[in-house]
Amino acid sequence: MFALLLHACTEAGVQSYNTPPTVSIVAPVDGDVVDPGTLVEFYGVARDGQDASEKLQITWTSSIDGVFDTALPDRNGDLIVAKNDLSSGAHVITLSAVDVRGDAGTVSITLQVGDSQNEAGAPSIVIVSPDPGEQIGASTLISMLATVTDDTDPPESLIVEVLDDPDGVLYTGYPAATGTLEVPFTAHTLGLHTLYVTALDSEGKKGVASVIYEAIQDHVPLVNIKSPNDGDWFDTVDTITFRGNVSDDTTAKEQIAIQWTSDLQGALSYAPPDSNGDTTFAGPLLGGSHVVTLTATDLDGNIGRDTLVVNIDDPLARDDDGDGYTEYAGDCDDADDTLSPGEIDICDGIDQDCDGYINDPYWDSYEPNDTMATRYNLGSVDGGGLWSGDSVELSGMTFSYAGDDDWFYWEADDELWDNVDVQVVASGLNVAGDYVIELYDGGGNLLDSDSGDGAITATFTSDQLETGDDDFMVHIYASTWPANSCSTTWKLKIKS
């Protein structure tokens, strides 16, 4: 039996089999009513079991206007055609698709252009807005405005419904006594929408009107502050120029509302943009760190922003070198982060700690005594008796930098007839340098001097009966200072 069946199948051969395309009209809906001049979007689907959709031959036909499109579908079989010039009347719209073997699939709907389908005596509806084919931002508040009248019933007694396809019922209720019907709403779905308004009177007669609009993506304005740069510093007396640019996908650039603000100072400018979207203003700002914001609002109320930080201050109150100190806080060089009150002086002749003194960690205990006016007073250096003497020795002395001079003053109280002999010796001086010692009387007259290294001496002997040689000064300094010899100590011995 198996053999018989196999033989029979072999004789018959393999027969070719083909199915016609399947077609459907998704929009408009069968029975829709549109006003003359309304942009109607026809959305269809055509697919075939054997052939690719883009190989199908497509025809859109109106029973009144004839063939109005033959565009091929895309790879998914989708077809979109927009028309706003359909003749008034009751149309039978037919979509047909023919595959490569000649098999056809068709589908038809009815479409009423104009209100002639409303039965006699039905309420009359005129949709004022939105306009047919109007493109409206999806986030925009839309005001559906219509007028509703009837031959027998007052407008406020008519039952009305506003339906948005595809978003659903927007309103059910009654128009105003004047017949005005206003329904605000926002489209939630991108693409083409059909807005239907129906009105039912007391006799059960229904009037219908519709309009098609398109909901498009409505982005917030694009905002860019071009200058100054984020984080820039300015002084309180500076005039700062602010520049920005704005644009929007639905609002003309010059119609975008602009506001420049500071979080410290409030509104700064409302300078409108030009046709290129450029907005500019200039002026000073109060001291502080400002967050400056450029806000742009389009005609649909969408808001875009850009911000930057602008620092306004006295230059002396800024830490320009990042060492933690401003000039008001004692930074003596705000362009050098190695100089500040937080540093410690090293032996290099530079005031690292900004206290006005050079190498002061190496000063001896008699500093500052660099001038005759700031000389160190040793008091009385004398034995107090006739023909007697006394001395003082100072140790731990330093020359902490090249310009470090040492001045000392003392009184040699010679009493009556005391003959004063003065000897001053500086010893332990660094042999790598050269030094000078100068001995002066109290009036600043030079009495003696010496120079060299190791040990240098200055002396003075007064007349035996001289009674006025009471006050003396000594000045010691390095004429050649050995580099980095801040901590080298020496001694000074004064005998008078």
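Quick note: the coordinates plus some simple rules give every number you see, no bench work behind them. Treat the numbers as computed from the prediction; the structure is a model and nothing was measured. Using ideal geometry, Cβ is built from the backbone for each residue, glycine included, and neighbour counts are taken over all protein chains shown.
General observations
- The alpha carbon gyration tensor of segment 222-313 gives principal lengths a ≥ b ≥ c with a/c of 1.5 or higher and a/b greater than b/c, which makes the shape prolate.
- A Cα-only calculation for segment 254-305 places Rg and Dmax at 11.8, 37 Å.
- Around Asn18: net Lys/Arg minus Asp/Glu count, Cβ-Cβ under 12 Å: -3
- For the chain, the residue among Thr280, Ser462, Ser262 whose Cα projects farthest onto the positive side of the dipole built from Cβ charges is Thr280.
- Pairwise alpha-carbon distances in segment 124-216 exceed 21 Å for 27% of all pairs.
- Contour excess over end-to-end distance, with Cα ends at Ser451 and Asp348 and 0.36 nm allotted per residue: 34.6 nm
- Under the convention that each Lys and Arg Cβ holds +1 and each Asp and Glu Cβ holds -1, the size of the dipole of the chain around its Cα centre is about 4560 debye.
- Mean residue ellipticity, 222 nm, helices only, the chain: the sum of -39500 (n - 2.57) across DSSP H runs of n ≥ 4, divided by residue count and rounded to 500, is -500 deg cm²/dmol.
- Rounded to the nearest 10 degrees, the angle from helix 2-12 to the longest Cα principal axis of the chain is 80 degrees.
- Coarse-grained scattering of the chain at q = 0.06 Å⁻¹, given as base-10 log I(q)/I(0) from a Debye sum over alpha-carbon atoms: -0.62
- Selection from Thr241, Gly137, Ser391, by position along the positive dipole direction of the chain (Cβ): Gly137
- Cα gyration tensor, segment 23-113 - rounded (a/c under 1.5), prolate or oblate: prolate
- Rounded FRET efficiency, nearest 0.05, which uses the C-beta distance separating Thr241 from Ile80 and R0 of 45 Å: 0.35
- Net charge in the neighbourhood of Ala252 (other residues with Cβ under 12 Å of its Cβ; Lys, Arg +1, Asp, Glu -1) is -4.
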